[in-house]
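The values are calculated or read from the model by the stated rules, or taken from the named source; none is laboratory data. What you see is a predicted model; the values in this text were computed from it and never measured. Cβ atoms come from the backbone with ideal geometry, glycine included; neighbour counts cover every protein chain shown. Calculation scope for accessible area: heavy atoms of the full protein, side chains included, ligands and nucleic acids excluded. Shrake-Rupley method; radii C 1.70, N 1.55, O 1.52, S 1.80 Å.
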Amino acid sequence: MQQTKNRWLIVLAAIGIHISIGSVYAWSVLTRPIMEAMGFTLQQVTWTFSLAILFLGTSAGFLGTYVERFGPRKSGLIAAAFFGSGMLGTAYALHQHSLALLYLFYGVIGGIGLGTGYITPVSTLVKWFPNNRGLATGLAIMGFGFASLIAGPVMQLLIASYGLVENFVIMGCAYVIVMVCSALYLEAPKTAPVTSHGTHKVQIDSNQPKQYTCKEAMGTWQFYALWWVFFTNITCGIGLLAVASPMAQEVIQMSPMAAASMVGIIGLLNGGGRIVWSTISDYIGRRNTYIAFFVIEIVAFYLLADVKDSFMFQALIFIIITCYGGGFSCMPAYLSDIYGTKQLSAIHGRILTAWGLAGIAGPLLLSQLYERTHSYSITLYFFSACFVLSLILAIVLKYRASIK
């Protein structure tokens, strides 16, 4: 039977959903305007972002099985409904100067939209690109990382031109349109796609032909090792993302607009890191890729704690963000290497619970230590130390990832 859909348009639809929900990564651009307009503290505003990521992870964890059951189209439309409601509700919350409503709409409702939308295209694309799993998941998740490249500067301009509340109304309506159109095109392949191996080396564990269920996968120690390395990478990276703009303004006296531009570049490298690292992982293997991530991040976070030079400050942040983004895009392919694709959305969803908890741990840890010490250095040293344990686990997974 011939395929009814073009798989590259499926890729475009996946990117459309992810580039919409990925605007959450531009949150640091909104931090100061919300603090100034509402009178909230840094910790209160940061909690909004943390709640969104918490509900992203938890909804992905619990709804992964239903995404497999309902299919990508229905799941994408559900994601659009929740995320759009969250954005428009956030505008209402800010209009009412209500912190509780801000948490409800952006954190809870928007967060559920984030989680559902995040896992919706991933399993679908892996099935469309069976011989290039790293590339496929990198393409799916690339849009999420690229989002702040667009959203950061656009939000800054909308706030300056129309106001904080109007920014959420305009962006919310735009995102709903993009997500609905994208969801309507998503579809799993009806037959196995015809692909060419060429010279491409596919890093699949040939000893693992079995297709694992979610329950079976969660019964292996490898699942929990992967959960931990994923949690560590996100905790440290997302903590940095949450305060990137105010941190740059304080440490190297960057202007608000320049900081917003830096957030945009972070989005470019976050998205670019996802596609570059995931493609590299198809050649060197996911195991070696994660080892490379942690070696780089140990050094980068350690140096960032004391740097004052503007060029070096931004260079280190950009390097960290590429590894952070790469950790996201390589994980679904890593899971499919070990557990197969039968219930990949469900297994991936369970792993994403690490993201939800990291969304609380990273920004909260950084903001609390900052408010007590008025310095980001202690937290950055701590993050560097965390990656030492993750590096050890990554090395163990390299040599003992096969399931007996």
| field | Estimated vicinal HN-Hα couplings, Hz - segment 371-385 in sequence order (Karplus 6.51, -1.76, 1.60; Gly, Pro = x) | value | 5, 8, 10, 6, 8, 8, 4, 4, 5, 5, 5, 4, 4, 4, 5
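Would you rank H374, H18 by solvent-accessible area, highest first, keeping every protein chain in place and using a 1.4 Å probe? Don't skip to the end; give the middle numbers.
Working: H374 130, H18 0 Å².
Result of the area sort, largest leading: H374, H18.
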| task | Could you calculate the FRET efficiency of T41 with V299 from 1/(1 + (r/R0)^6), where r is the beta carbon distance between them and R0 is 51 Å, rounded to 0.05? | result | 0.95
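With a ≥ b ≥ c taken as the square roots of the eigenvalues of the C-alpha gyration tensor of segment 337-394, please select rounded if a/c is under 1.5 and otherwise prolate if a/b is larger than b/c or oblate if it is not? Mind showing how you got there, number by number?
Details: a/c = 6.32, a/b = 2.06, b/c = 3.07.
Note, shape of segment 337-394 comes out oblate.
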| query | Among F144, F82, F223, which one moves the most in a GNM of the chain with springs linking Cα atoms closer than 10 Å? | reply | F223
| task | Can you tell me the 0 to 90 degree angle between the C-alpha axis of helix 42-70 and the longest principal axis of the chain, rounded to 10? | result | 20
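Given a Förster distance of 30 Å, report the FRET efficiency between R400 and L12 from their Cβ-Cβ distance, rounded to the nearest 0.05.
Details: r = 39 Å, r/R0 = 1.29.
That pair, R400 with L12, gives E of 0.20.
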| query | Looking only at M155, M257, M312, which one moves most when the chain is put into a Gaussian network model with springs between Cα atoms under 10 Å? | reply | M312
| request: Provide, for the chain, the number of lysine pairs with alpha carbons under 20 Å apart, each pair being eight or more places apart or on different chains. | output: 18
| query | Using the Cβ atoms and a cut-off under 12 Å, what net charge is assigned to the surroundings of L184, where Lys and Arg are +1 and Asp and Glu are -1? | reply | +2
| said: Nothing charged except the Cβ atoms of Lys and Arg (+1) and of Asp and Glu (-1): what's the magnitude of the dipole of the chain about its Cα centre? Round to the nearest 20 debye. | reply: 1340
| field | Label-point gap, in nm, between L365 and M218 - each point 7 angstrom along Cα→Cβ | value | 2.5
| At 1.002 mPa s and 20 °C, Stokes D of segment 81-171 from Kirkwood alpha-carbon radius, µm² per second | 146
| For the pair A160 and Y381, how long in nm is the line joining their label points, each one 7 Å along Cα→Cβ? | 3.8
| request: Take the chain, connect every pair of alpha-carbon atoms lying under 10 Å apart with a spring to form a Gaussian network, then pick out the residue of N270, N233, N131 with the largest mean-square fluctuation. | output: N131
| Going from most exposed to least, what order do D306, D337 have by accessible area with a 1.4 Å probe? | D306, D337
| query | If Lys and Arg each add +1 and Asp and Glu each add -1, what is the summed charge of the other residues whose beta carbon sits under 15 Å from the beta carbon of L30? | reply | -1
| task | Quick one: accessible surface of L54, probe radius 1.4 Å, all protein chains present, in square angstrom to the nearest 10. | result | 40
| field | Calculated from backbone phi, Karplus (6.51, -1.76, 1.60) coupling profile of segment 180-187 in Hz, x at Gly/Pro | value | 5, 4, 5, 4, 5, 8, 5, 6
| remark: Applied in sequence order to segment 21-34, the curve 6.51 cos²θ - 1.76 cosθ + 1.60 (Karplus, θ = phi - 60°) yields integer Hz couplings, x standing for Gly and Pro, of 6, x, 4, 4, 6, 8, 4, 4, 5, 8, 4, 5, x, 5
| Given (1) 45; (2) 50; (3) 53, the label whose value is percent of Cα pairs over 27 Å apart derived from this model | (1)
| said: Taking the 0 to 90 degree range and rounding to the nearest ten, how far is the long axis of helix 133-161 tilted relative to the main principal axis of the chain, both from C-alpha atoms? | reply: 20
